[in-house]
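A short worksheet on the structure shown next.
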Amino acid sequence: MTTTDAPRLTQYAHGGGCACKIPPGELEAVVAGLVGTGAPKGPGELLVGLDDGDDAAVVSLANGTAVVATADFFTPVVDDAYDWGRIAAANALSDVYAMGGTPVVAVNLLAWPRDLLPMELAGEVLAGGLAIAREAGCHLAGGHSVDDPEPKYGMAVTGIADPERLMRNDAGVAGVPLTLTKPLGVGVLNSRHKSTGEVFDEAVAAMTTLNLRASVEALKAGAVCATDVTGFGLLGHLHKLARASGVTARVEASKVPYLGGARQALEDGFVSGGTRRNLDWVRPHLDADVSEDELLLLADAQTSGGLLVAGEVPGYPVVGELLPGRADGVTLEVRA
C-alpha cells in the first residue's frame with residue numbers, strides 16, 4: 001500500500017467505478033418495455049439481447065460469425081489518471097470476454113469537466129485506455145467526448161465470437177461447479193481510497209488484468225455459461241445467472257478469495273451505497289447462514305472484476321455450485 005500526491009480525480013465524482021451504476025432493480029424496471037419488441041428488418045439474428053441482462057449483445061451473421069457489442073463507462077475509481085484509463089478499458093473489454101468473444105475494435109467514451117481539470121489529465125486517461133487495448137490486441141479508433149461536470153471514461157467495444165461456443169448467463173445447469181477468476185474486495189478498497197487517498201496496488205493490478213486468459217481457459221474447459229462480476233457484486237450477477245438459467249446457485253463463503261485489506265476496509269466502514277443496494281436487491285431471493293458483513297463482501301460492487309463461470313476452469317478457485325431450482329423462488333444459497 002502506498003500514498004500519492006497526484007490530483008484526486010475521485011473527488012470530482014459522486015461515486016466511483018461500477019459502484020455508481022443505477023441500482024439493478026431500478027434499471028430492470030426502466031428497460032422492461034424494451035424487451036420482446038420484435039426483430040427489425042436487417043442483417044443477422046439477435047442471439048443475446050435484453051431479455052436476461054447478459055453482459056453484451058450478440059448478433060449472428062450469415063457467414064457463421066457472431067458480432068458481440070457492448071459499452072461501459074464510469075466515474076473515476078482511482079485518482080491516477082493513467083490507471084483509471086487502464087481500469088475502465090479492461091472493464092469494457094471484459095463484457096466481450098464474458099461472452100466467449102474476442103474484442104476487435106473499440107472507441108473511446110469520454111466526459112470531462114474542462115473548466116475544472118486540465119485536458120492533459122484527460123490525455124493520460126486516454127493513454128491508459130490505449131495501453132490496455134493494445135495489450136488485448138484490440139484496435140482503438142476514435143470515439144466521442146462531451147464537456148461534463150463529472151469526469152467519466154470508458155469504451156464501446158465490438159468483438160467476434162463463434163455463435164456455437166458462446167458463454168451466456170442463461171445456459172447454466174444444475175450439477176456444475178462455479179469458478180471465480182479474480183478475488184473480490186475492490187469495492188471496499190476503492191471506497192477507502194476515495195475517502196483517504198491510500199493506494200492499494202493489489203486492487204489496481206486486479207482491475208487492470210484482462211479477462212482474456214480466463215475466457216480462453218473457460219472455453220477450453222467447455223463452459224457455456226458465464227458472466228463477469230462488476231457493479232452488482234458477486235451475489236447480484238449470480239442471481240441474474242441463476243434466475244435466467246432456472247437454477248439455484250450455492251456459494252461456499254469460505255472458498256471465496258479476497259484482496260488483502262478488504263475485510264479491514266469493511267470493518268472500518270468503507271462500504272458504498274451501491275453495495276448495500278446490491279444486497280437489498282437480492283435479499284428476497286437469498287437463503288444464507290453467514291453474517292451480514294460476509295454478505296456485504298459478497299455483494300461488494302466490483303469494478304473490472306473476474307469471470308464467474310459455470311464449470312471448473314483450471315487454475316482458478318471453485319467457490320460453489322449450481323443446484324436444481326427451488327420452488328420457493330430462492331436463487332442464491334450462501335453457506336459458511
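Rounded, prolate or oblate, given the Cα gyration tensor of region 177-335, with a/c below 1.5 counting as rounded?
Oblate shape, in that a/c is at least 1.5 and b/c is the bigger or equal ratio.
What is the gain in length, in nm to one decimal, between Leu61 and Leu323 on full extension, counting 0.36 nm per residue of separation less the C-alpha to C-alpha distance?
Full-extension gain reported as 90.9 nm.
Could you please rank Ile160, Ile132, Ile87, placing first whichever residue has the fewest other Cβ atoms within 10 Å of its Cβ?
Result, fewest neighbours first: Ile160, Ile132, Ile87.
Distances over 28 Å make up what percent of all Cα-Cα pairs in the chain?
38 percent
At what distance in nm do the modelled label points of Leu50 and Val173 sit from each other, each positioned 7 Å from its Cα along Cα→Cβ?
3.1 nm
Given the pairs Lys152/Lys182; Lys41/Lys220; Lys41/Lys182; Lys182/Lys220; Lys220/Lys240, which are separated by over 30 angstrom at their Cα positions?
In this structure, Lys41/Lys220; Lys41/Lys182 exceed 30 Å between Cα atoms.
Taking 7 Å along the Cα-to-C-beta vector as the label spot, tell me the His144-Val105 distance in nanometres, rounded to one decimal.
Modelled inter-label distance: 1.6 nm.
What is the order of Met155, Met167, fewest Cβ neighbours within 10 Å to most?
Lowest to highest Cβ neighbour count: Met167, Met155.
With the crude spin-label approximation of a point 7 Å out along Cα→Cβ, what separation in nm comes out for Val330 versus Leu117?
4.4 nm
Where a number appears in this text, it was derived from the coordinates with a stated rule and is not lab data. Predicted model only: the values in this text are computed from it and were never measured. Note: ideal-geometry Cβ built from the backbone for every residue, glycine included; neighbour counts use all protein chains shown.
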